[in-house]
Amino acid sequence: MDLSKEIFSSDVIDKIKDQPNLITQLVELLSSNDKDVKHKAWEILQKLIENNVIKDKNLIIDLLCYKDEGSRYRVWNFVPKMIEMKIINENDIKSSKQCLFQMLTTDNIDVRALTWYSTLPQVLPYLNKDEIYQYLKYCKDLLNSSWKDIIEETCQEF
């Protein structure tokens with residue numbers, strides 16, 4: 001079954017509206033050991049947020065600090081769109097920034113590199129650049145990894 005297509009059928013959306021536990025189950029899937037399941041769960045949650053089916057701002061803010069770093073990375077990449085849609089605001093970003101900073105320093109090299117390279121530039125307008133400097137060592141450490149070629153310019157910008 002293709003969940004991303006099925007989620008837009010009217011009865012599935014109605015089921016989600018009538019059974020909030022389905023949203024909880026989707027959130028729990030964000031920490032699945034199966035990357036495909038995690039990706040699909042986020043894809044569906046993102047569509048539900050975009051379509052104003054998920055309106056719980058606290059849930060959305062909690063996702064910015066979600067325990068699974070790979071899923072949290074995806075949520076942070078969606079921040080500019082959520083700000084544009086007025087789902088969250090700059091204060092929400094500032095109150096959750098430590099969760100972003102944790103990804104800049106994580107031992108998970110892929111998440112760390114992608115956060116420096118892809119996520120940080122998108123959310124930097126909502127942060128104090130001076131706060132990022134204290135983490136620059138973690139960017140530079142990536143220069144000794146397979147991410148060197150794409151991360152080098154990012155580190156130099158700071």
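Throughout, read-outs are computed from the coordinates displayed, never taken from laboratory work. Keep in mind that this is a model prediction, so the values were computed, not measured. All Cβ positions, glycine included, derive from the backbone under ideal geometry; neighbour counts span all protein chains shown.
Things to note:
- Cα centroid separation - the range 110-139 against the range 49-74, whole Å: 19
- For the range 100-154, the spread of Cα positions along each principal axis, largest first, Å: 29, 18, 16
- Under the criterion of Cα pairs below 8 Å and six or more residues apart, the relative contact order for the chain equals 15 percent.
- Those residues of the range 94-125 whose amide nitrogen sits under 16 Å from the label point placed on S145, 7 Å along Cα→Cβ: 100-121
- The C-alpha atoms of the chain occupy a region whose extents along the principal axes are 50, 32, 20 Å, arranged from largest to smallest.
- Kirkwood-Stokes translational diffusion coefficient of the range 46-110, alpha-carbon pairs, 10 °C, 1.306 mPa s, µm²/s: 131
- Among the listed pairs K47/K67; K55/K140; K57/K137, those whose Cα-Cα separation exceeds 27 Å are K55/K140; K57/K137.
- Largest-first ellipsoid semi-axes for the range 65-158, taking √(5λ) over the Cα gyration tensor eigenvalues, angstrom: 22, 14, 12
- Two-site FRET efficiency, N91 against N52, from Cβ-Cβ distance with R₀ of 25 Å, rounded to 0.05: 0.75
- According to the Cα-based calculation, Rg over Rh for the range 86-132 is 0.97, with Rh computed by the Kirkwood formula.
- Links that overshoot a 31 Å alpha carbon limit, given the list K40/K97; K81/K129; K15/K97; K40/K86: K15/K97
- Signed unit charges on C-beta, dipole axis of the chain, positive-most listed residue N91, N33, V123: N91
- The ranking of D107, D68, D62, D56 by Cβ neighbour count inside 10 Å, starting from the fewest, reads D107, D56, D62, D68.
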